[in-house]
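The values are calculated or read from the model by the stated rules, or taken from the named source; none is laboratory data. The structure displayed is predicted, hence computed values, not measured ones. Using ideal geometry, Cβ is built from the backbone for each residue, glycine included, and neighbour counts are taken over all protein chains shown. Each accessible area value is taken on the protein alone, full model and side chains, heavy atoms only, with ligands, DNA and RNA left out. Shrake-Rupley method; radii C 1.70, N 1.55, O 1.52, S 1.80 Å.
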Amino acid sequence: MLANKYFDVKELVPKEVYEELGDQGSLNLLNPIALKALEEVREILGVPLICNNWAAGGNRNYSGYRQENCPIGAKASQHKKGNAFDLICKSKSARLMRYELEQNKSRLTYPIRIEKWDQKGNETTWLHIDTKSFTGNGKIYFFRA
């Protein structure tokens, strides 16, 4: 079942969540605004993006929605609210994806936050986007984990 124009719901929730709740139950865990933002990010970048790939035999399982008891990430993570996605791409680096989004931010319907640095201050090697509200007048807010 498609969650938006480009992503199947299986790509956005962990395997165990999908097996328990199926298509519609899993989809209900995801914020519609976050799904729209994800779709627009994909359109701006113009290339396939990978969130979870467990259904295709890959090892990514917690890059979209995360259950409350998931040990990965912060306790109040936007992933646990269905608002966040960690994305990788075979043809573009995270740095290039962040740059292209910044250059095309006027195409975004909703403001997004992009994690640019990890807790140690190193630039991330994945593209984290979320739709947690933030103060300011921009379409993109870069933050440190």
* Asked: Does residue 6 satisfy the criteria of being modelled with pLDDT under 95 and either of a type in the set (A, V, I, L, M) or open to solvent by 50 Å² or more (accessible area, probe 1.4 Å) (or both)?
  -> no
* Residues (within 19 Å of residue 137 (Cα to Cα) and open to solvent by less than 40 Å² (accessible area, probe 1.4 Å)) located in segment 101-127 -> 101, 108, 112, 113, 114, 115
* **Given (1) crowded, with 19+ Cβ neighbours inside 10 Å; (2) closer than 22 Å to residue 97 by Cβ, number of the condition residue 18 does not satisfy** => (2)
* Structure fact -> Those residues of segment 36-62 that are within 24 Å of residue 105 (Cα to Cα) and part of a helix (DSSP H, G or I) come to a total of 10
* Asked: If only one of 32, 14, 71, 48 is more than 12 Å from the chain's Cα centre (by Cα) and at pLDDT below 95, which one is it?
  -> 71
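Would you pick out the residues in segment 1-35 that are hydrophobic (A, V, I, L, M, F, W, C) and part of a helix (DSSP H, G or I)? Quick ask: steps written out before the conclusion?
First, pick out the residues of segment 1-35 that are hydrophobic (A, V, I, L, M, F, W, C): 1-3, 7, 9, 12-13, 17, 21, 27, 29-30, 33-35.
Of everything in segment 1-35, those that are hydrophobic (A, V, I, L, M, F, W, C) and part of a helix (DSSP H, G or I) turn out to be 9, 17, 21, 27, 33, 34, 35.
Please find, within segment 128-145, the residue that is surrounded by the most Cβ atoms within 10 Å (Cβ to Cβ) out of those that are aliphatic (A, V, I, L, M) and assigned to a strand (DSSP E or B).
So the residue we want is 129.
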* If residue 65 satisfies every condition in (1) surrounded by fewer than 20 Cβ atoms within 10 Å (Cβ to Cβ); (2) touching a residue at least 40 places away in the same chain (Cβ under 8 Å); (3) assigned to a loop (DSSP other than H, G, I, E, B) but one, which is the exception? -> (1)
* Asked: If you check every pair at least six apart or on different chains, which have Cβ atoms under 7 Å apart with a residue in segment 129-145 that is touching a residue at least 12 places away in the same chain (Cβ under 8 Å) and among the β-branched types (Val, Ile, Thr) first and a residue that is open to solvent by 70 Å² or more (accessible area, probe 1.4 Å) and part of a loop (DSSP other than H, G, I, E, B) second?
  -> 131/110
* **Residue list for segment 25-62, restricted to those being free of Cβ contacts under 8 Å to residues at least 40 places away in the same chain, open to solvent by less than 20 Å² (accessible area, probe 1.4 Å) and under 18 Å from residue 112 (Cβ atoms)** => 35
